[in-house]
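Inspection log for the structure reproduced underneath, given as structure tokens.
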Amino acid sequence: MDIKSLHHVAYRCKDAKQTVDFYTNVLGLEYTMAVAEDRVPSTGERSPYMHIFFRMDDGSFVAFFELPESPPMGRDANTPQWVQHLALRVADERTLLAYKAKLEAHGLAVVGPTDHTICKSIYFFDPNGHRLELAVDTTTPEMRRELAAVRDGMLEEWNRTKRAPQHAAWVHEQALADRGA
């Protein structure tokens, strides 16, 4: 495979300083660099920006652009808030729960932990309104094999019916039962 890993993912932010404070002081990421220009290098268009980068443990980055001369940030009103999110992996459940407590101590509303069988996650919003997920991987080799074995059939059935195939319903059975769904 020629694509080796994620280099960075970039989002827009409302305020670069506030974003740096949150991602360093609350999430503990390393603020590694900032680039600011009046013109976009790839297109040449005039659009002043501040581009900030935070390094994660594996060497990949999450980055943000502050665009002071652009219209205010919005979000896709036709997409539910739970869909678009950035999921970041943590080492273990103890770390996940420590982040939950830390985020709540900072006054953030945190959903979870939610047991997805293949991972346990908490969800919250950053100061820019981006939904974030912190997740600990709980997938076993057997689960990976089972999910890989049904992926093509699920996709074909979904493509044909646009209804949720039940090939991997076991993944969320307990979470749905806990919610009474």
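Coordinate-derived values only; no laboratory data. Nothing here was measured: the structure is a model prediction, and the numbers come from that model. A quick note on method: Cβ atoms are made from the backbone with ideal geometry, for glycine too, and the neighbour counts reach across all protein chains shown.
Net charge near residue 122: determine it from the other residues with C-beta under 15 Å of the C-beta of residue 122, scoring Lys and Arg +1 and Asp and Glu -1.
-1
Using only the alpha-carbon atoms, how far is helix 93-105 inclined from the longest principal axis of the chain? Give it as 0 to 90 degrees, nearest 10.
50 degrees
Explain nothing, just compute: Karplus ³J(HN,Hα) = 6.51 cos²θ - 1.76 cosθ + 1.60, θ = phi - 60°, for every residue of the range 110-122 in order, whole Hz, x for Gly and Pro.
10, 9, x, x, 10, 8, 8, 6, 8, 6, 10, 9, 10
Each residue of the range 33-44 in order: what ³J(HN,Hα) in whole Hz does its phi give by Karplus 6.51 cos²θ - 1.76 cosθ + 1.60, θ = phi - 60°, with x for Gly and Pro?
Ordered by residue, 3J(HN,Hα) equals 6, 9, 10, 10, 9, 9, 10, 7, x, 7, 10, x Hz.
Sort 120-130, 22-32 for me by packing, meaning the mean count of neighbouring Cβ atoms within 10 Å per residue, highest on top.
120-130, 22-32
Just check the range 89-141 against the gyration tensor rule for me: Cα atoms, a ≥ b ≥ c as the square roots of the eigenvalues, rounded for a/c under 1.5, and otherwise prolate or oblate depending on whether a/b exceeds b/c.
Judged from the Cα gyration tensor, the range 89-141 comes out prolate (a/c at least 1.5, a/b above b/c).
Add -39500 (n - 2.57) for each DSSP H run of 4 or more in the chain, then divide by its residues: what number comes out at 222 nm, to the nearest 500 deg cm²/dmol? Each step should come with its number before you reach the end.
Values: 4 runs with 46 residues, N = 181.
-8000 deg cm²/dmol, from helical runs alone.
Of the listed peptides 6-16, 151-161, 104-114, 70-80, what is their order by residue-averaged count of other C-beta atoms within 10 Å, with the highest listed first?
Details: 6-16: 15.1, 151-161: 11.5, 104-114: 13.5, 70-80: 8.6.
Result, highest mean Cβ count within 10 Å first: 6-16, 104-114, 151-161, 70-80.
What does the charge dipole of the range 1-70 about its Cα centre add up to, to the nearest 20 debye, if the Cβ of each Lys and Arg holds +1 and the Cβ of each Asp and Glu holds -1?
That gives the range 1-70 a dipole magnitude of about 80 debye.
For the chain, would you read off the P(r) tail past 23 Å as a percentage of all alpha carbon pairs?
Cα-Cα pairs in the chain separated by more than 23 Å: 55 percent.
Please give every one of the lysines within straight-line cross-link reach of residue 14, meaning a C-alpha to C-alpha distance under 26 Å, and leave out same-chain neighbours fewer than 8 residues apart.
100, 102
Output ³J(HN,Hα) for the range 51-58: one whole-Hz value per residue in order, computed from phi by the Karplus curve 6.51 cos²θ - 1.76 cosθ + 1.60 with θ = phi - 60°, and x for Gly and Pro.
10, 10, 10, 10, 8, 9, 4, 7
Roughly how many nanometres apart are two label points built 7 Å out from the Cα toward the Cβ at residue 17 and residue 38?
2.3 nm
Take the Cβ-Cβ distance between residue 9 and residue 95 as r, set R0 to 25 Å, and report the resulting FRET efficiency rounded to the nearest 0.05.
0.75
What do you get for GluC sites (Glu not before Pro) in the range 34-66 restricted to DSSP loop and a cutoff of at most 14 other Cβ within 10 Å of the site's Cβ?
Working: sites: 37, 45, 66; in loops: 45.
Here the sparse-neighbourhood loop sites are 45.
Please give the charge dipole size of the chain, origin at the Cα centre, charges +1 on K and R Cβ atoms and -1 on D and E Cβ atoms. Round to the nearest 20 debye.
With only Lys, Arg, Asp and Glu charged at Cβ, the dipole is about 260 debye.
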